[in-house]
Structures are given as structure tokens and as C-alpha cells.
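Q: Just passing along the structure, written as C-alpha cells.
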Amino acid sequence: MHYYWQMGIVGKELDIDFVISTGDNIYPSGLKGTDDAAFDYSFTQIYTAPSLQKLWYTVLGNHDYRGDALVQLSPVLRHIDKRWICLRSYVVDAQ
């Protein structure tokens with residue numbers, strides 16, 4: 001069983017509101033541009049479980065920096081897949 005299938009199962013069991021991805025989002029070498037097919041086959045086509053159709057708050061990992069790291073910050077990717085949110089920083093309300 002692939003880990004992303006398990007993520008879908010756990011996401012359903014926990015009734016998640018969002019996903020936090022802590023790096024290495026586009027494996028193995030990040031993205032070269034906003035039209036790079038790696039975004040589709042490393043994100044959109046992988047995390048297809050209904051429970052994972054939530055907002056994804058992503059940060060960059062070392063593999064993401066092997067490509068053009070700024071591409072993952074581009075709002076263009078959000079137009080390609082509305083779940084994708086990758087910002088330089090986040091503010092957390094811990095209430």
C-alpha cells in the first residue's frame with residue numbers, strides 16, 4: 001500500500017480540515033517552471049482521496065530547492081490545483 005493511500009484513509013478517519021506538507025513536495029527535484037508536469041504527477045494525480053481534497057499548506061524542503069524554489073510560491077499553481085498554498089511564512093492562531 002502506498003503512503004498516499006494511507007494518508008487518504010487517515011484523513012477520512014480524522015475528518016481533517018487541511019493538510020500541512022513539511023517539504024519535499026515535488027520529488028525528486030522540485031519544479032523547473034509553473035508548467036512543469038512534475039506538479040501534476042507529484043501532487044495533483046497522487047493525492048486523489050476525497051479526504052485530501054482540502055487546502056494544503058506547504059513549506060519547501062531540500063528536494064524542492066533542487067528546482068526553482070520560487071515556482072512553488074507562484075499563485076499560478078493555485079490556479080492549476082486550488083488546494084495548493086505555498087507561502088514564505090505562515091501565522092498560526094493557536095486558540
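Q: State, to one decimal in nm, how far the label point of E13 lies from the label point of R78, with both points 7 Å from Cα in the Cβ direction.
A: 3.3 nm
Q: For the chain, what does the relative contact order come out to in percent, with C-alpha contacts under 8 Å and a separation of six or more?
A: 34 percent
Q: Convex hull volume of the Cα atoms in segment 48-95, per residue, in Å³?
A: Hull volume over Cα atoms, normalised by residue count, gives 112 Å³.
Q: Cut-off 10 angstrom, C-alpha nodes, Gaussian network model of the chain. Which of L31, L52, L14 fluctuates the most?
A: Sorting by GNM fluctuation, first place goes to L14.
Q: If you average 1/r over all unlike Cα pairs in the chain and invert the result, what Kirkwood radius do you get in angstrom?
A: 13.7 Å is the Kirkwood radius here.
Q: By how many nm would the segment from N62 to V92 lengthen if fully extended, with 0.36 nm per residue of separation less the alpha-carbon distance?
A: Residue separation times 0.36 nm, minus the Cα-Cα distance, leaves 8.5 nm.
Q: For helix 3-14, report the angle its Cα long axis makes with the longest principal axis of the Cα atoms of the chain; keep it between 0 and 90° and round to the nearest 10°.
A: That works out to roughly 40 degrees.
Q: Give the residue list of chymotrypsin sites (Phe, Trp or Tyr not before Pro) in segment 16-95 that are DSSP loop and have at most 16 other beta-carbon atoms within 10 angstrom.
A: Within segment 16-95, the qualifying chymotrypsin sites (Phe, Trp or Tyr not before Pro) (loop, at most 16 other Cβ atoms within 10 Å) are Y90.
Q: Excluding S42 itself, calculate the net charge of residues whose Cβ lies under 13 Å from the Cβ of S42, where each Lys or Arg counts +1 and each Asp or Glu counts -1.
A: Charge balance in the 13 Å sphere: -3.
Q: Provide the gained length on full extension for the span D35 to T48, in nm with one decimal, where the gain is 0.36 nm per separating residue minus the Cα-Cα distance.
A: So the extension gain works out to 2.7 nm.
Q: How large is the dipole of the chain about the Cα centre if only Lys and Arg carry +1 and Asp and Glu carry -1, each at its Cβ, rounded to the nearest 20 debye?
A: 80 debye
Q: Using alpha carbons only, how many angstrom separate the centre of segment 54-95 from the centre of segment 23-50?
A: One Cα centre to the other: 11 Å.
Only the coordinates and a few stated rules stand behind these numbers; no lab work does. What you see is a predicted model; the values in this text were computed from it and never measured. No Cβ is skipped: glycine too gets one built from the backbone with ideal geometry, and neighbour counts run over all protein chains shown.
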